1. Could you work out the local net charge near Asp180, counting Lys and Arg as +1, Asp and Glu as -1, over the other residues with Cβ closer than 13 Å to its Cβ?
2. Starting from the Cα of Leu176, step 7 Å along the direction of its Cβ; do the same at Leu150; then give the gap between the two resulting points in nm.
3. Which length gain, in nm to one decimal place, applies between Glu83 and Ala105 when the Cα-Cα distance is subtracted from 0.36 nm times their residue separation?
4. Please identify the trypsin sites (Lys or Arg not before Pro) of segment 167-262 that satisfy two criteria: DSSP loop assignment and at most 16 other Cβ atoms within 10 Å. Which are they?
5. Stretched out fully, how many nm does the piece from Lys130 to Phe28 gain, at 0.36 nm a residue minus the Cα gap?
6. Using the crude model of +1 on Lys and Arg Cβ and -1 on Asp and Glu Cβ, and no other charge, please compute the dipole size for the chain relative to its Cα centre, in debye to 20.
7. Round to the nearest 0.05 the FRET efficiency obtained for Trp37 and Ala94 when R0 = 56 Å and r is the Cβ-Cβ distance.
8. In nm, to one decimal, how far is the Thr20 label point from the Val186 one, both placed 7 Å along Cα→Cβ?
Amino acid sequence: MKFDISRHLTLAMATVAIATVLFSFIVFYIVYTIAVWCAPKLFPPGFSALPNGWDLVIMGVVTCMGIGLGAWIAAGMARHIVEPMHAVARAARAIADGDLSARAAPEFEAPGETAMLVEDFNAMAGRLEKAAHDAISWNAQIAHELRTPLTILKGRLQGVSDGVFAMDDMLLRGLLTQVDGLARLVEDLRCVSLADIGRLELQVAEVDLRAGLEEWAAMMAPTVERAGFSLSVESAAIRARVDMARLRQALLALVDNALHYAIPCALRLVVRHEGRGVAIHLIDRGPGVPQDQRANLFSVFTRGTAARENHRTGSGLGLAVVQAIAQAHGGAAQYRWQDGHSHFIITLNA
């Protein structure tokens, strides 16, 4: 039979009380025996160190009082230690039954380590609830983002099958655009998912960062110019160990974000050393990000109010991809508003 902690405490305190009395008795007996043997004149004739009847009665009373006091102290300790643990157990059972909002709420203030146990359990339960909520949200968001291009593709192909549309170059280009959008969405989801579990692998190599970015900017020039922007690279000769393909993916997300939300302007890609790493700034002239939205700017499926109202085609994954790639390089992504310009910054530990 397994005893709970309160019974263990009670038995432990009772054992301590009995052991204390017995120890005191043995010590006194030894001390008096030695004293009688060494200095018999100090004691009356016929004195014996062995306890008599009254000694045994007193010893029994003291032992019972010790056991009672120990049990009372043990009960008080158990109430403040065991009850919070029972609260944690109740919350754990509720979570196991599917109630992820359950939390441990002990009736008594928990002491020391027990309080830490309750706090850690509630923190863990909160993260578990958030993870479950995020998983549901992810599924809904992914389904929503995939539905639009798939519906367009299905509609166009059904129209071709029914003879409504002719399979000409314009229609093919439109279909390829939707396929490209799907491919990019799937790759963004893959990138963020792998980063979430710490499995985003990089093909790192030492590269001439300025040359690589200038080449990429030249490739992006036609797309940027069609939207009324320009793109330039401002960088000293910097060699860094990075995954250039992933870095271009992150910069593409930043440029795409600027093309959607910034005022047409000259986009500047400024690269400089920062501490032991490299900082890449994409600077645009735009309305900026409201202060209350900056904390979650690089979170998955996060889109500002204005973005949701004016640009309903965005997936809300672009900036999350930027953060994932920056963190995989040992850095981070951040936003800064400075002198009327938005600075989207990727720091790399390169």
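The values are calculated or read from the model by the stated rules, or taken from the named source; none is laboratory data. On a predicted model such as this, the values are computed, not experimentally measured, just so you know. In this analysis, Cβ positions are derived from the backbone assuming ideal geometry, glycine residues included, and neighbour counts consider all displayed protein chains. With ligands, DNA and RNA removed, areas are computed over all heavy atoms of the protein, side chains included. Shrake-Rupley method; radii C 1.70, N 1.55, O 1.52, S 1.80 Å.
1. Taking every Cβ under 13 Å from that of Asp180, the sum is -1.
2. Label-label distance for Leu176 and Leu150, simple model: 2.5 nm.
3. Stretched fully, the Glu83-Ala105 segment lengthens by 7.0 nm.
4. Here the trypsin sites (Lys or Arg not before Pro) that fit, given the DSSP loop and packing criteria, are Arg199.
5. Result for the pair: 30.3 nm of gain on full extension.
6. 240
7. Calculated transfer efficiency: 0.25.
8. 7.4
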